[in-house]
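**Q** To start, I am sharing the structure in question, which I have written as structure tokens.
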Amino acid sequence: MTLRGTCSSCAQRHGAQRIRPLKSDMRFDTSMSRKALIAANWKMYKTPAEAKAFVDAFLPLVAGHTRDEIALFPSPVLLPTVVEAARGSNVAVGAQNIHFAEEGAFTGETSANQLTAIGGTHTLIGHSERRQYFAETDEIVNKKLHTAIKHGLVPVVCIGEVLAEREGGLTESVLKTQINGGFAGIKGLAAEVISSIVIAYEPVWAIGTGKTATPEMAADAHRIIRAEVASLLGADVAANMRILYGGSVKPDNATALIGQEEIDGALVGGASLKPDSFTGIVKY
Ligand code: PGA
């Protein structure tokens with residue numbers, strides 16, 4: 001189902017009066033089809049036994065589901081277990097973070113090489129919790145993006161504004177700064193490589209708070225992001241690039257969000273921790 005969100009003022013009618021909508025009537029040709037990616041960010045939850053139990057329960061629920069790509073992002077200690085449990089299935093596995101260096105004295109970090117060696121295929125980069133608690137800057141995000149691409153990983157680059165920025169009317173400039181900083185030096189790469197990059201738009205005020213951007217608010221931000229990607233990397237790349245929404249996505253709001261023409265999937269935290277709930281989102 002495709003819903004066409006057209007006006008930011010629709011946000012008022014969807015109960016998000018306290019969150020300032022963007023004033024954007026930017027439009028972009030999104031006629032090209034992009035396969036949605038539904039991704040689970042498990043954060044620092046689950047033991048290996050719990051992770052395996054999730055995958056064992058989840059795979060039968062999504063068996064044969066080819067409409068969307070599905071990926072799980074467990075914490076590093078769970079990766080081998082989850083890769084093994086999901087092997088041969090329609091569910092990909094990635095890391096929540098990689099270091100940008102090839103190897104070295106970086107205590108506590110995981111390299112792209114280590115991730116691919118155990119069968120990981122994706123990585124999140126620059127999640128707002130990494131930016132907030134681990135001081136990740138756009139420059140670090142950019143280095144990690146280059147490393148991920150070099151190792152053939154599918155990078156999911158997370159961007160988004162905090163509440164004060166939205167309330168201050170800064171959302172558009174924050175998103176543009178994050179894109180320009182995070183994507184520095186990407187323009188020269190092959191188009192198919194660039195198009196494999198995924199962006200996750202996660203308004204920080206909506207993460208783990210139960211406050212979801214209305215579908216129209218999310219779509220407005222996605223249009224700004226796609227337009228900025230177009231001006232930086234070209235219209236074709238922008239038309240092919242998947243832009244996910246993240247922030248309190250749940251089974252009961254997934255259809256309205258992912259159904260937006262501009263929204264190419266979801267990055268899901270809390271509601272991805274239980275097989276039934278995550279399946280409800282995968283099958284929006
Ligand atoms: P949430 O988290 O779905 O719990 O809001 C999303 C995320 O942080 O990626």
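**Q** Considering only the range 1-90, give the helices (runs of 4 or more DSSP H) lying wholly within it that have at least 2 residues that are more than 30 Å from residue 107 (Cα to Cα) and either modelled with pLDDT of 95 or more or of a type in the set (A, V, I, L, M) (or both).
**A** Here the list reads 48-62.
**Q** Sticking with this one: Just need a number here: residues in the range 243-252 that are under 23 Å from residue 273 (Cβ atoms), out of contact with any Pro (no Cβ under 6 Å at 6 or more places or on another chain) and buried (at least 20 other Cβ atoms within 10 Å of the Cβ). Spell out how you get there, then give the answer.
**A** Let us first name the residues in the range 243-252 that are under 23 Å from residue 273 (Cβ atoms), namely 244-252.
Applying the additional criterion that residues be out of contact with any Pro (no Cβ under 6 Å at 6 or more places or on another chain) yields 244-246, 248-252.
So of that shortlist, the ones also buried (at least 20 other Cβ atoms within 10 Å of the Cβ) come out as 244-246, 248-249.
Number satisfying all stated conditions: 5.
**Q** Let me ask you something else. Looking at the range 100-147 only, could you name the residues that are in contact with a Leu (Cβ under 9 Å, 6 or more places away or on another chain) and either within 16 Å of the ligand (Cβ to nearest atom) or at positive phi (or both)?
**A** Correct list: 119, 122, 123, 124, 125, 126, 127, 130.
**Q** OK, next. Any idea which of 129, 167, 136, 161 is at pLDDT 95 or above and in contact with a Lys or Arg (Cβ under 7 Å, 6 or more places away or on another chain)? It would help to see each step written out before you state the result.
**A** Values: 129 fails: in contact with a Lys or Arg (Cβ under 7 Å, 6 or more places away or on another chain); 167 fails: at pLDDT 95 or above; 161 fails: in contact with a Lys or Arg (Cβ under 7 Å, 6 or more places away or on another chain).
136 is the lone residue from the list that is at pLDDT 95 or above and in contact with a Lys or Arg (Cβ under 7 Å, 6 or more places away or on another chain).
**Q** Say we look at the range 195-234 and pick out the residues that are crowded, with 21+ Cβ neighbours inside 10 Å and under 13 Å from residue 145 (Cα atoms); which of these is farthest from the ligand (Cβ to nearest atom)?
**A** This residue is 197.
**Q** Could you pull out the residue among 248, 277 that is in contact with a Gly (Cβ under 6 Å, 6 or more places away or on another chain), farther than 18 Å from residue 154 by Cβ and among the polar types (S, T, N, Q)? Step through it out loud before you land on a result.
**A** On the way: 277 fails: in contact with a Gly (Cβ under 6 Å, 6 or more places away or on another chain).
After ruling out the rest, the residue left standing is 248.
**Q** So, in the range 266-284, of the ones that are within 12 Å of the ligand (Cβ to nearest atom) and of a type outside the set (A, V, I, L, M, F, W, C), which residue ends up farthest from residue 95 (Cα to Cα)? Please lay out each step first, then the result.
**A** Of the range 266-284, the ones within 12 Å of the ligand (Cβ to nearest atom) are 266-273, 277-278, 281.
Adding the requirement that they be of a type outside the set (A, V, I, L, M, F, W, C) leaves 269-270, 272, 277.
Values: 269: 14, 270: 17, 272: 15, 277: 21 Å.
Checking each candidate, the answer is 277.
**Q** How many residues are polar (S, T, N, Q) and either within 16 Å of the ligand (Cβ to nearest atom) or surrounded by 18 or more Cβ atoms within 10 Å (Cβ to Cβ) (or both) if we restrict to the range 148-194? Let's see the steps before the verdict.
**A** Residues of the range 148-194 polar (S, T, N, Q): 171, 173, 177-178, 180.
Still in the running and either within 16 Å of the ligand (Cβ to nearest atom) or surrounded by 18 or more Cβ atoms within 10 Å (Cβ to Cβ) (or both): 171, 178.
So the answer is 2.
The values are calculated or read from the model by the stated rules, or taken from the named source; none is laboratory data. As the structure is a prediction and not an experimental result, all values here were calculated from the model. So basically every Cβ, Gly included, is an ideal-geometry build from the backbone, and we count neighbours across all protein chains shown.
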